[in-house]
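Novice: Take this structure, written in structure tokens, and hold onto it; I'll ask about it next.
The values are calculated or read from the model by the stated rules, or taken from the named source; none is laboratory data. Predicted, not measured: the structure shown is a model, and the values here were computed from it. Cβ placement follows ideal geometry from the backbone for every residue including glycine, while neighbour counts extend to all protein chains displayed.
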Ligand SMILES: Cc1cc2nc3c(=O)[nH]c(=O)nc-3n(C[C@H](O)[C@H](O)[C@H](O)COP(=O)(O)O)c2cc1C
């Protein structure tokens, strides 16, 4: 198997949980994306939707470095129909042909799916989290 890193961005810990499950099952390194913005509470929620809809740039920090990996699983949330700005900032640094993208949402799907190794939608209203994770893990173990 290629050397794989699992990177995640989260506001309310769903993507953290998903990324931890994937990294544990594959025994690979977990890297967290953070930003300096307070997204908490109602004001934070509204700001998150506004930043996403207006495609605002956000500066990010990473908990580990990206050197030496062949490919990445990148996990994060959908905000107002698009990827969260900090997730976009991360994806801007990675070639899509090295990325398996896992998107958490209530029910929407990310529209721009082209060029990635694969795209996986975890939607709370279908309860498909563990099935999607298992499918991804099995495809990587078989690779
Ligand atoms: C500002 C904001 C906008 C959202 N917009 C959508 C949306 O358009 N469609 C959807 O299905 N879920 C939407 N969600 C729900 C999140 O995608 C979902 O709760 C996700 O699991 C959160 O992941 P996290 O816990 O890793 O932050 C939105 C959440 C936030 C905070």
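Novice: Take the residues of the range 79-99 that are surrounded by fewer than 17 Cβ atoms within 10 Å (Cβ to Cβ) and free of Cβ contacts under 8 Å to residues at least 24 places away in the same chain: which is nearest to the ligand (Cβ to nearest atom)?
Specialist: 92
Novice: Take residue 142 and tell me if it is closer than 23 Å to residue 20 by Cα and at pLDDT below 95. First the steps, then the outcome.
Specialist: Details: closer than 23 Å to residue 20 by Cα: yes; at pLDDT below 95: yes.
Criteria met by residue 142.
Novice: Oh, and also: Here is a list: 81, 76. Which entry is in contact with a helix residue (DSSP H, G or I) (Cβ under 9 Å, 6 or more places away or on another chain) and under 21 Å from residue 134 (Cα atoms)? Show your work before the answer.
Specialist: Numbers: 81 fails: under 21 Å from residue 134 (Cα atoms).
Testing whether each residue is in contact with a helix residue (DSSP H, G or I) (Cβ under 9 Å, 6 or more places away or on another chain) and under 21 Å from residue 134 (Cα atoms) leaves just 76.
Novice: Can you name every residue in the range 100-131 that is closer than 17 Å to residue 20 by Cα and more than 9 Å from the ligand (Cβ to nearest atom)?
Specialist: 100, 101, 102, 120, 121, 128, 129, 130, 131
Novice: Among the numbered criteria (1) at pLDDT 95 or above; (2) on the phi < 0 side of the Ramachandran plot; (3) more than 8 Å from the ligand (Cβ to nearest atom), which single criterion is violated by residue 65?
Specialist: Unmet for residue 65, out of (1) at pLDDT 95 or above; (2) on the phi < 0 side of the Ramachandran plot; (3) more than 8 Å from the ligand (Cβ to nearest atom): (1).
Novice: Let me ask something else. If I go through the range 50-78 residue by residue, how many of them are within 25 Å of residue 22 (Cβ to Cβ), outside any loop (DSSP other than H, G, I, E, B) and without any contact (Cβ under 8 Å) to a residue 60 or more places away in the chain?
Specialist: In the first step, residues of the range 50-78 are kept if they are within 25 Å of residue 22 (Cβ to Cβ); the result is 52, 58, 60-78.
Those still in the list that are outside any loop (DSSP other than H, G, I, E, B) too: 52, 60-62, 71-78.
If we keep only those that are without any contact (Cβ under 8 Å) to a residue 60 or more places away in the chain as well, we get 52, 60-62, 78.
Residues in the range 50-78 being within 25 Å of residue 22 (Cβ to Cβ), outside any loop (DSSP other than H, G, I, E, B) and without any contact (Cβ under 8 Å) to a residue 60 or more places away in the chain: 5 in total.
Novice: State which residue pairs qualify: first residue under 15 Å from residue 62 (Cβ atoms) and at pLDDT 95 or above and inside the range 1-28, second residue more than 7 Å from the ligand (Cβ to nearest atom) and part of a helix (DSSP H, G or I) in any location, beta carbons under 7 Å apart, and separation of 6 or more residues or different chains.
Specialist: 6/19; 6/22; 6/23; 7/90; 8/19; 9/86; 9/87; 9/90
Novice: Right, something else. If a residue has to be surrounded by fewer than 19 Cβ atoms within 10 Å (Cβ to Cβ) and more than 7 Å from the ligand (Cβ to nearest atom) to count, how many in the range 1-25 make the cut?
Specialist: Number satisfying all stated conditions: 8.
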